[in-house]
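Bear in mind that the values in this text are calculations on the coordinates, not laboratory data. These figures come from a predicted structure and were not determined experimentally. Here the Cβ is made from the backbone with ideal geometry for all residues, glycine too, and neighbour counts use every protein chain on show.
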Amino acid sequence: MKNLVYILFSLFIGLSVVAQEVQFEAKASREKMGINERVKIEFTIDKDADNFIAPDFKGFKRLAGPNQSVSQSWVNGKSSFQKTYTYFLEPERRGKLTVGQAEIEYQGKVYKSSPIDIEVTAAVDNPNSYRSIAKSKLSDAIHLVAEVSKTRPYLNEEVYVVYKLFIGRDVNIRNYRVLDDPKFADFWSQNIDIEQLEVKEGEYGGEPYQYVELRKTLLYPQKTGELVIEPLTVSLSVQAPTDRRDIFGRRQYEYIDKTASAKTRKLQVKPLPEEGKPADFTGAVGQFDIALNASKTTLEARESLSANLKISGTGNLSLMSLPDLKIPASLEVYEPERKDSYRTTYRGLSGYISNKYTIVPEFKGDYKIAPVKLSFFDPKEEKYKTVATDQIRINVEAGPEDPSRRPSIASESSEAGARINTISADMSFDYIATNTKLKPANQSNFFKSKSFWALFISPLLLMPLFILIKKNSSRFQLSEAGKKQRKANQLAKKYLGEAKKNLGDKELFFDALERALHNYLKAKLQIATAEMSKDKIKLTLSENGVEEQVVQSFINLLSTCEMAKYSPSSNEAMNDEYKQATQIISQLDKTL
């Protein structure tokens, strides 16, 4: 019996402890929200606690709070108590945000709430909001609108988007900041610079408004089908009228922070038509022209010329690649220099892209650079077009003959009617001499002859001379390193000879110097001209055991040659570059 009483008493004490346990929790009105929405956070405790400490709300902007409320009730003889601290928050960025732990003290003990995770997405079209009386009047006074130039563009056709902020006449915008940028995931995008915001007159919903163009963006859709343009969201500091008036009857204003978002826009992107698509079409959309110009068409072998391939017009220039030149094998071609020059407008990218080629003929003769074609789709006329350059003829007047063009003896012939040189069967072996004049060998005895004694005594006579030469060999004999150095210097002068002749003429000198460096690598390492990139050169020299400092000096010298063609340079600077090139080639040759 005593044990039963003890058990019942223990259960009663345990239930009393459980009943006195403190409940402190945090609740959010939503776990997922748009960046232009508000969320209500409530911290509730079931005891009359004190010393409440709120979290820092990192990533949120506090709109209101803390609002404290207390409720107490009696139900079936049992009392319940709640104390609540309420906050209204606005997110400042997208992503997963966390409301941290709050703290409160009860009977000397500190209690903490659990953190709350909230996912913030792009702005929604119909947001909830926390509004004061003044804020409710702003709902019809401020509108952010995204206007698009076309809703059914072709693939890779430009779409112009402008974000306009419409403002009621009784509202003043003090400043603004972008709260959330749209993510153009399926577009190539480029913002158009706005030098200064300008207030303009316009209409919204048939009513007169003022508006400001906050942002302009050019888009090129990269996928077909339905694509979404996410909204732009901005935070505004607004001076709005209230219902209060001062002692003179003038309306009073209130400074309010407001979030405005443009609605989501959707585009239906059409694929480019298959009918009439040229076989060489690579995706150019717009209106373009193409041109190929040469700096000279008459020159000598080993003299350089420049060929400039240029595409100009309006369209997706930044997404285009230039066609390759079809150049005869006897013409040496260096890696082209790319140049882009275009500006962003509401009609698209307007300007040009070009490749500048340096061409050096090795043999004399007449050469042709074939026309270059460009196929593109014109969205205005909704059809494909093809443009082409003119053919360029290059006449190399002086220089060595191209051995690949020289006909062989067996097939040598002139045009129709010319005589062909042949050898008859009877004369096939006439080149072999059949009449010889042989003499019998000398039958005299070699032993004890003059030749015998001369060969016998000569080593004894030459021995002192050999000893003398050996003693003085350090004075007359070059070391192995010295021989290598002399040979390397001679090789450097050989390759740099043309550059030395052009000292004083900046463009010819640096062009010849660059060509000499490339030709040296071609001769020593069998690197083709088409592979003459700096990365390839650096890798190849390193693999061949050249010191890193020498490799970097070689690369720096190449870069200097490329830049010096287009910048001022003195005779003294050219002499320094020539000396440096001689030294670098000598160092390379000792290693290679």
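See the values below:
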| quantity | calculated |
| --- | --- |
| GluC sites (Glu not before Pro) lying in DSSP loop within the range 161-241, provided at most 13 other Cβ fall within 10 Å | E195, E198 |
| Projected label distance in nm at V148 and D125, using a 7 Å step from Cα toward the beta-carbon | 1.2 |
| Potential extension, N544-D289 segment - 0.36 nm per residue separation minus Cα distance | 87.2 nm |
| Listed peptides 115-124, 185-194, 459-468 by packing density, highest first (mean Cβ within 10 Å) | 115-124, 185-194, 459-468 |
| Lys, Arg +1 and Asp, Glu -1 on Cβ, resulting dipole of the range 187-240 about Cα centre, debye, nearest 20 | 240 |
| In order through the range 174-188: 3J(HN,Hα) via Karplus (6.51 cos²θ - 1.76 cosθ + 1.60), integer Hz, x for Gly, Pro | 7, 6, 8, 8, 6, 8, 8, 7, x, 9, 8, 5, 9, 10, 8 |
| Ascending count of other beta-carbon atoms within 10 Å, so fewest first, for V70, V159, V546 | V70, V546, V159 |
| Under-5 Å amide H pairs with V238, H placed in peptide plane, nonlocal only | R174, I256, D257, K258 |
| Charge dipole magnitude, Cβ of K and R +1, D and E -1 - the range 45-124, Cα centre, debye nearest 20 | 120 |
| Using θ = phi - 60° and Karplus 6.51 cos²θ - 1.76 cosθ + 1.60, couplings along the range 59-68 (whole Hz; Gly, Pro as x) | x, 10, 10, 7, 8, 7, x, x, 9, 9 |
| Computed label-point distance, nm, for sites F452 and R93 using a 7 Å Cα→Cβ extension | 10.8 |
| Karplus 3J(HN,Hα) series, Hz, for the range 146-163 with 6.51 cos²θ - 1.76 cosθ + 1.60 (x for Gly, Pro) | 9, 9, 10, 6, 7, 9, 10, x, 7, 4, 6, 8, 5, 10, 9, 10, 10, 9 |
| The range 62-124 versus the range 151-172: alpha-carbon centroid distance in Å | 40 |
| Shape box of the range 19-121 [Cα atoms, principal axes, largest first, Å] | 47, 29, 21 |
